[in-house]
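Comments concern the structure below.
Each value in this text was obtained by applying a stated rule to the coordinates, not by laboratory testing. Here the structure is a predicted model, which is why all the values come from computation and not from measurement. Ideal geometry is used to build each Cβ from the backbone, glycine not excepted, and the neighbour counts take in all protein chains shown.
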Amino acid sequence: MKIGCPKEIKPQEFRVGMTPNAAREAISHGHDVYMEKNAGTGAGFADADYTAVGAKILDTAAEVFAKADMIVKVKEPQAVERKMLREGQILFTYLHLAPDPDQTHDLLKSGATCIAYETVTDRNGGLPLLAPMSEVAGRLAPQVGAWTLQKANGGRGVLLGGVPGVSPARVLVIGGGVVGTHAAKIAAGMGADVTVLDRSIPRLRYLDDVFGGTFKNAYANEGNTAELARQADMIIGAVLIPGAAAPKLISKAQLKDLKPGAALVDVAIDQGGCFETSKATTHQDPIYEVDGIMHYCVANMPGAVARTSTLALGNATMPFMLALADKGWKQACADDVHLLNGLNVHAGKLTYAAVGQALNLPTVNAADVLK
């Protein structure tokens, strides 16, 4: 198979879809790899690193899209990239379609087969291709939140860990999954007073057993959320419903009850955000203020630490990428129901129910397109 990896063009996105090691593995399996010129430089990989393992460098994204049977990326294809997709081509990347009707309609129109990292599953019910970026984003969230809290940035002017004689900041993490757990660990490590909210009693038991001395937890209902939000200097939104739009957990009306200059960090912004006042921002212009509350809603947070993120993502995606290339998408998905769960669009049909529900579009069963 001819595998193509273009340079990411989303603002301030420095990750790359294939590492040199991934290219080496694909080539050793008998496939051809085509990289766009300078695709890996933002993550610290030179073109020479790719040519050294046998990949070919092409000057433009248009050449990569024209040449490749499968496109491997990081972020969802931008409008100009979507125009280059063609019928029968495989797209393997993050899509996050539920809050993005324009992208969804373009992908349907393209006739391509689009497999989303964020809905591929594993035997434990996890999301193995989302998990590494969730870990990165979770660990980044307290760091960027602490920056947002600085007075010069419009925040409360509160140091996360406090100092002797001065109480630390209070951090509320809504969601006790991968993002929330990593966010809580880092925030607590920075000295903050941290509470994690979740609706799963087994998950709360796990957090208490493993981290009971590090941070607190509480059951996520409207009353607890509202009370703890009022006390918080920073709120990290870390709730995900796989493939679907994120639920709104803090309303605009609630902002008046929060501490002036409090920081909201919305890690769920890729799925539409879990605060009612969230809107996607960039690394170049990451924060904005609504009713005295500072919002950090960068839609590609892991892009800030591009090398770490690229290596972590590459480790997770490589086995699936090789399966798609070795077997073709149809056989690979037939052999692995977890990869099939990643199929969101095929030949003009939407194959992921949660996206159809979010966008009010008809869907077909993914298994039916294998017949």
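Simple rule: put +1 on each Lys or Arg Cβ and -1 on each Asp or Glu Cβ in segment 176-304, find the dipole, and look at Asn217, Gln254, Thr277; the Cα lying farthest toward the positive end is Asn217.
Annotation: peptides 123-130, 336-343, ranked by per-residue average of other Cβ atoms within 10 Å with the highest first, follow the order 336-343, 123-130. When the GluC sites (Glu not before Pro) in segment 1-96 are filtered for DSSP coil states and for at most 14 other beta-carbon atoms within 10 Å of their beta-carbon, the remaining sites are Glu87. For segment 171-212, the residues whose backbone nitrogen is under 14 Å from a point 7 Å from the Cα of Tyr219, taken along Cα to Cβ, are 197-205.
The alpha carbon centroids of segment 27-64 and segment 111-175 are separated by 31 Å. Residues Trp147, Trp329, arranged from fewest to most other Cβ atoms within 10 angstrom of their Cβ, appear as Trp147, Trp329.
Counting only Cβ charges, +1 for Lys and Arg and -1 for Asp and Glu, the dipole size of the chain around its Cα centre is about 180 debye.
Taking other C-beta atoms within 10 angstrom as a stand-in for reagent exposure, Tyr296, Tyr34, Tyr219 fall in the order Tyr219, Tyr34, Tyr296, fewest first.
Take each of the peptides 302-309, 262-269, average the number of other beta-carbon atoms within 10 Å over its residues, and list them starting from the highest. List each step's numbers first, then the result.
Details: 302-309: 21.1, 262-269: 29.5.
Put in order of decreasing packing, that is 262-269, 302-309.
Once a ≥ b ≥ c are taken as the square roots of the eigenvalues of the Cα gyration tensor of segment 1-97, is the result rounded (a/c under 1.5), prolate (a/b larger than b/c) or oblate (a/b not larger than b/c)? Oblate.
Shown here are the Rg and Dmax of the Cα trace of the chain, at 21.0, 68 Å. Of the residues Gln78, Gly88, Ala245, the one whose Cα sits farthest toward the positive end of the charge dipole of the chain, with +1 on the Cβ of Lys and Arg and -1 on the Cβ of Asp and Glu, is Ala245. For the peptides 170-178, 150-158, the ranking by mean Cβ contacts within 10 Å, running from highest to lowest, is 170-178, 150-158. Put a dot 7 Å past the Cα of Arg123, heading toward its Cβ, do the same for Ser200, and the two dots end up 1.8 nm apart. Taking 0.36 nm per residue of separation and subtracting the Cα-Cα distance, full extension of the segment from Gln357 to Tyr288 would add 21.8 nm.
Taking the Cβ-Cβ separation of Gln331 and Val163 as r and a Förster radius of 56 Å, what is the calculated FRET efficiency to the nearest 0.05?
Given R0 = 56 Å and the Cβ-Cβ separation, E is 0.40.
Counting only alpha carbon atoms, the long axis of helix 201-211 and the longest principal axis of the chain meet at about 80°.
In this Cβ point-charge picture (+1 for Lys and Arg, -1 for Asp and Glu), segment 54-200 has a dipole of about 380 debye about its Cα centre.
Counted residue by residue at 0.36 nm each, then reduced by the alpha carbon distance between them, the extension gain from Val80 to Ser28 reaches 15.5 nm. Residues in segment 328-357, backbone N under 11 Å from the label point at Ala367 (7 Å along the Cα-to-beta-carbon vector): list them, ranges by number please. Counting only backbone N, you get 337.
In segment 204-284, Rg over Rh equals 0.99, where Rg is the alpha-carbon radius of gyration and Rh the Kirkwood radius from pairwise Cα distances.
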